[in-house]
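K.L.:
Would you mind keeping the following structure in view while I ask a few things?
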Amino acid sequence: MIIKRVSEIDDQIGEFINKEFAEYGVQSGVELNFEEFHFVAEDEDGKVIGVITGHAYYNEVHIGDLIIDKNIRRNGLGRQLVEAVENAYKDKEYEKITLTTFGFQAPEFYKKLGYEVEFVREDKNPKLSKYFFAKSI
């Protein structure tokens, strides 16, 4: 056996992950319900100005990244992208949306959107304390 680091997941690795992940859920008596999502905001010229990514599986939706162009932050685009995810999944079989963010990023932003802190993993540098959020949908 060898263990190596790869820079990209090719078809063979992707198929292995999907097959084993799904089969383990079935063996454990849960339905996978897996899907990835990417919502993109573009300006009038087609330039990307915001992205939200993540995946849904089992009974939850997880927001992985929310990135907004630094020149247009604080204008409501982040809220609109989060709401796009909420609206896309609210009538499906998922119970909650989860996410994590660091202290220097956006804990107050997510609180304003109705997300509740489940846990904070404190760090000696408060900017690097990690906040775990959830919101029922």
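K.L.:
How would you rank S28, S7, going from fewest to most other Cβ atoms within 10 Å of each one's own Cβ? The partial results should precede the final answer.
P.N.:
Numbers: S28 8, S7 4.
Sorted ascending by nearby Cβ count, the order is S7, S28.
K.L.:
Could you list which residues have their amide H under 5 Å from that of H55, counting only those 5 or more apart in sequence or on another chain, with H placed in the peptide plane?
P.N.:
Amide H to amide H, under 5 Å and 5 or more residues apart or across chains, H55 pairs with F37, H62, G64.
K.L.:
Helix 11-27 against the longest principal axis of the chain: what's the angle in degrees, Cα atoms only, rounded to the nearest 10?
P.N.:
Once rounded, one gets 80 degrees.
K.L.:
Find how much the distance from F104 to E118 grows on full extension, using 0.36 nm per residue of separation minus their present alpha carbon separation; answer in nm with one decimal. Mind showing how you got there, number by number?
P.N.:
On the way: separation 14, 0.36 × 14 = 5.04 nm, distance 1.78 nm.
Using 0.36 nm per residue and subtracting the Cα-Cα distance, I get 3.3 nm.
K.L.:
Also: Using Cα centres only, tell me the gap between the stretch 60-83 and the stretch 84-137 in whole Å.
P.N.:
Here the two parts' Cα centres lie 12 Å apart.
K.L.:
Follow-up. Using only alpha carbons, build the gyration tensor for the chain and give me the equivalent ellipsoid semi-axes, biggest first, whole Å. Kindly include the intermediate steps, with their values, before the conclusion.
P.N.:
Values: eigenvalues 152, 77, 70 Å².
Equivalent-ellipsoid dimensions as semi-axes: 28, 20, 19 Å.
K.L.:
For the chain, find the longest principal axis of its Cα atoms and tell me its angle to the long axis of helix 77-89, 0 to 90°, nearest 10.
P.N.:
40 degrees
K.L.:
Another question, then. Reachable lysines from K112, Cα under 30 Å, same-chain residues fewer than 8 places away excluded?
P.N.:
By straight Cα distance, K112 reaches K47, K70, K90, K92, K96, K124, K127, K130, K135.
Every number in this text was worked out from the coordinates using simple rules, so none of it is lab data. As the structure is a prediction and not an experimental result, all values here were calculated from the model. In this analysis, Cβ positions are derived from the backbone assuming ideal geometry, glycine residues included, and neighbour counts consider all displayed protein chains.
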